[in-house]
Each structure stands twice: as structure tokens, then as C-alpha cells.
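Quick notes on the structure that follows.
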Amino acid sequence: MEKHLHIISFDVPYPANYGGASDVFYKLPAFQAQGIKVHFHCFDYGRGQQKALDQYCASVHYYQRTEGHKGFSSKLPYIVSSRINEELYQNLLQDNHPIFMEGVHCTYLLQDDRFKERACFVRLHNVEYQYYRDLYKNASSPIKKAYYWNESRLLKKYEANLAEKATFWGVKEADNDVYRHEFGCKNIEELSLYIPDWKLSAEEGIGSYCLYHGDLSVEANEKAATWLLEKVFKNLAIPFVIAGKNPSEKLRKLAYASKYSCLVGNPTEKEMQDMIAKAHIHLLPSYIKTGMKVKLLNALFNGRHVVVNEATIADSGLEPLCHIGTTANAFKDLIAQLYHQPFTEDEIRLRNKILVPRFNNEANAKKQIGWIWG
């Protein structure tokens, strides 16, 4: 008997060029390979319709997100209220297939009695109230600070109310424990991130430079890159490359203020992967503790030494694969120690042992299918 599954995504997940989109998109070929007929529903707010989705799904539906003041609610988080859509609900009510929601963003239907008897599942990409609390702490604009603070406050209430209404899958046990202990959630399991078709390709030996990569239009990422330039590399005569999407002019100027640093804006996927492969040290400080970072996995699968702070690695189970520093001086010391230290076969073997069994799309899909259909 054919198995059909509705998946609702908070965004159009192609191109899969940021963490949340990557986890959503790479599920689709994994489910297709297991014979699942996916009916894909996604909210479009700028990415447009993508033919790449059609090859993996039985049907694809797009809905406009209600942006700006029309999407705001005094009682609901904006990420939820801006995705309430009756057309979506009518499409879902045409059958009785299980519904899988990508992110808290897409879960308003769990408040709707029409879906009370449906089998419903939610992927937690983060503990969202903690994610927005961290954004609040790291925002520089008073307007953004006020928005993030209010969103975090509303999300905490909303997530607590949500916790008994579906089965949840978090990306790491620490996030699941928040749902268990703070919100009393009883149906929650860890489900590793779905990733691109990465084979462990980290090379032995010595690379050419230090690298920070990420979406540079995200304020917390620009803050991390700025911290590295101003606090870590200020007096280091070691080449440092920053690469990522949509850097600000301010960050670009700062990167070129030293003869040892540079910035590569909007590299293609091929260019980014080439830079990751050629780097000797990956520097990935973060200000967000919740969730699992795809850029960290990219560096571990495809790069050499990885230096992180505690927020990047917190409760991920990947601590044995990284060098952890808590201060700018600790980062400097680790860079000095590692820059002339070859990356070894032993380190590759350890990554192979920890990463490959855990981040396996086929095993993930089989596990999810078992959970959904028993």
C-alpha cells in the first residue's frame, strides 16, 4: 500500500543554502528513495517556485506568507501568525494522510479542531524561544531588540501550549530536554539533521589559511566575524578568509584593513566547498546555543581543524571532534598551536566513527517512516 505524507515547510527550501533549508530539502530525496509520496507545502516570501522540488514530490504547493503588519498578532509569535493559511488547511483536509510540520513556524493547525484526530509530527529546528532570546541579546538595533524580545516571550508561551499536541523530533537531545522538562512534552525524540551527499572528505596534511564562513547578512554571524577580525586576528600574521552571503560594507572594509585578511562575498556553492577543503583551520564561534549548525557539520565532513566556542558545540555530541576556546586569547593560542600542525589520519578516523553513522539520510528516513507508520 502506498504511503503518502504531507510536509509543510516554513520556507521554500531550495536552493538549500542555509541550515534550515538544507535539513528540509535533503529529506525529500531520502523519502522518495523509500517510496514515500510527499505532498509538499511551503511558504514563499521571496524565493519563488523551484522546479528542483518537483522531481522529489508527488505534488508541490506554494502559499504566500503574510508579511509586515498584516502578519502580526498580539497573542501569537510572528513566525507562526504570518503563516496561518486557510488554503493550506483546505488542501490538507482533502485526505487523511499524516502531516509533518517543519519548525514551530508551521504548527498553527495544531490549535484547529479540524486536525484534532490527524497524525501530526513536528521537526524542531531550535527551541525557538531560546533562539530569539539569543538574537535579542546580540542585536544592536533597539527596534530589532524589541522585536526579538517580544517574539521570545510569545514563543515561550506558544511552545509550552504546543508540547502535548503532536509528536516532536529535535535535532539534539539538549533541545528535547527543554521540551521535556520545561514544557512537559512526552512524545519527543532526537532526529539528526539531513545533510547534503557529503562523504567524509577531510584531507590529511596542512591547508592554506584560516576560514570563517556563514550567512553574513545574519547579525549574529557578522558579529562573530567582526569579533574574529578585531579580537583574534588583530596582531596575528596568519592569513584569514571570511566567506558568505551578503556581507555589509562595514564588514568588508574591516576585513581589508589588514594585509592578512580578506572577504569573499556570495561565493557559489562550488567555490565555498573549495575554500572549505583548502582551509587549514575553521573558526566557528557562535552566539546561538540552540539547534545544530550545518556549517559546523560542513567543516567537520569536508575540512581540517575546527575551532569553536561553547555555544557552537553545546550538547551536540561533537565535542571530541573540535578544539574549544572560550575567549579571544584561547582562540589565538589554538590557532598558533594548530597552524603548523598537520591534520592526521587518526583525526579522520575519529570523525568517521562519530559523524558517518549519525548523519545518514537513508537511516534517518527509515527511522522517521517507522515512527510515522509504525
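The values are calculated or read from the model by the stated rules, or taken from the named source; none is laboratory data. This is a predicted model, so every value here is computed, not measured. So basically every Cβ, Gly included, is an ideal-geometry build from the backbone, and we count neighbours across all protein chains shown. These area figures cover heavy atoms from the full protein model, side chains too; ligands, DNA and RNA do not enter into them. Shrake-Rupley method; radii C 1.70, N 1.55, O 1.52, S 1.80 Å.
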Self-check item: Residues (open to solvent by 10 Å² or more (accessible area, probe 1.4 Å), in contact with a Ser or Thr (Cβ under 9 Å, 6 or more places away or on another chain) and over 15 Å from Leu124 (Cβ atoms)) located in the stretch 182-204
Solution: Pro196, Glu204
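Only one of Asn309, Asn329 is in contact with a Pro (Cβ under 7 Å, 6 or more places away or on another chain), open to solvent by 10 Å² or more (accessible area, probe 1.4 Å) and farther than 30 Å from Gln34 by Cβ. Can you tell me which?
Values: Asn329 fails: in contact with a Pro (Cβ under 7 Å, 6 or more places away or on another chain).
One residue alone meets the criteria, Asn309.
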Practice problem: Could you please tell me which pairs satisfy a Cβ distance under 8 Å, a separation of 6+ or placement on different chains, a first residue in the stretch 33-59 that is among the basic types (Lys, Arg), and a second residue that is surrounded by fewer than 16 Cβ atoms within 10 Å (Cβ to Cβ) and not in a loop (DSSP other than H, G, I, E, B)? | Solution: Lys37/Lys3; Lys37/His4
Quiz item: In this structure, does Ala277 turn out to be among the hydrophobic types (A, V, I, L, M, F, W, C) and in contact with a Leu (Cβ under 9 Å, 6 or more places away or on another chain)?
Solution: no
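Give me the residue from the stretch 41-65 that is among the aromatic types (Phe, Trp, Tyr) and under 29 Å from Asn246 (Cα atoms) and, out of that set, surrounded by the most Cβ atoms within 10 Å (Cβ to Cβ). I'd like the intermediate steps shown before the answer.
Step one: filter the stretch 41-65 for residues among the aromatic types (Phe, Trp, Tyr), giving 43, 45, 56, 62-63.
Cutting the leftovers down to under 29 Å from Asn246 (Cα atoms) gives us 43, 45, 62-63.
Numbers: Phe43: 22, Tyr45: 16, Tyr62: 15, Tyr63: 17.
It comes out as Phe43.
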Self-check item: Filter result for Met101 (out of contact with any Asp or Glu (no Cβ under 7 Å at 6 or more places or on another chain), hydrophobic (A, V, I, L, M, F, W, C) and modelled with pLDDT under 95)
Solution: no
Self-check item: Residues (touching a strand residue (DSSP E or B) at 6+ places or on another chain (Cβ under 9 Å) and β-branched (Val, Ile, Thr)) located in the stretch 235-271
Solution: Ile238, Val241, Ile242, Val264
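Out of the residues in the stretch 337-349 that are farther than 20 Å from Lys295 by Cβ and either assigned to a loop (DSSP other than H, G, I, E, B) or in contact (Cβ under 8 Å) with a residue 24 or more places away in the chain (or both), which is least open to solvent (accessible area, probe 1.4 Å)? Write out each step before concluding.
Quick first cut of the stretch 337-349, residues farther than 20 Å from Lys295 by Cβ only: 337, 339-342, 344-346, 349.
Next, from what is left, pick out any that are either assigned to a loop (DSSP other than H, G, I, E, B) or in contact (Cβ under 8 Å) with a residue 24 or more places away in the chain (or both): 339-342, 344-345.
Details: Tyr339: 37, His340: 144, Gln341: 66, Pro342: 64, Thr344: 55, Glu345: 96 Å².
The selected residue is Tyr339.
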Self-check item: Members of the stretch 293-336 found to be in contact (Cβ under 8 Å) with a residue 24 or more places away in the chain and part of a strand (DSSP E or B), listed by number
Solution: His305, Val306, Val307, Val308
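Rundown of residues vs (1) under 25 Å from Lys293 (Cβ atoms); (2) open to solvent by less than 40 Å² (accessible area, probe 1.4 Å); (3) part of a helix (DSSP H, G or I), yes/no style:
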site: Leu110; (1), (2), (3): no, yes, yes
site: Arg114; (1), (2), (3): no, no, yes
site: Lys137; (1), (2), (3): yes, no, yes
site: Ser140; (1), (2), (3): yes, no, no
site: Ile143; (1), (2), (3): no, no, yes
site: Ser152; (1), (2), (3): yes, yes, yes
site: Phe168; (1), (2), (3): yes, yes, no
site: Asp177; (1), (2), (3): yes, no, yes
Practice problem: Select from the stretch 182-196 the residues that are in contact (Cβ under 8 Å) with a residue 60 or more places away in the chain and assigned to a loop (DSSP other than H, G, I, E, B) and write down the one among them that is farthest from Ser22 (Cα to Cα). | Solution: Leu191
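Looking at the stretch 157-166, which of its residues are under 18 Å from Glu102 (Cα atoms) and either open to solvent by 60 Å² or more (accessible area, probe 1.4 Å) or not acidic (Asp, Glu) (or both)?
Listed by number, the residues that qualify are Tyr158, Ala160, Asn161, Leu162, Ala163, Glu164, Lys165, Ala166.
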Practice problem: Among residues belonging to the stretch 66-108 that are in contact with a helix residue (DSSP H, G or I) (Cβ under 6 Å, 6 or more places away or on another chain) and closer than 19 Å to Tyr26 by Cβ, point out the one that is least open to solvent (accessible area, probe 1.4 Å). | Solution: Glu102
Quiz item: Based on what the data block shows, is Asn266 polar (S, T, N, Q) and within 22 Å of Glu347 (Cβ to Cβ)?
Solution: no
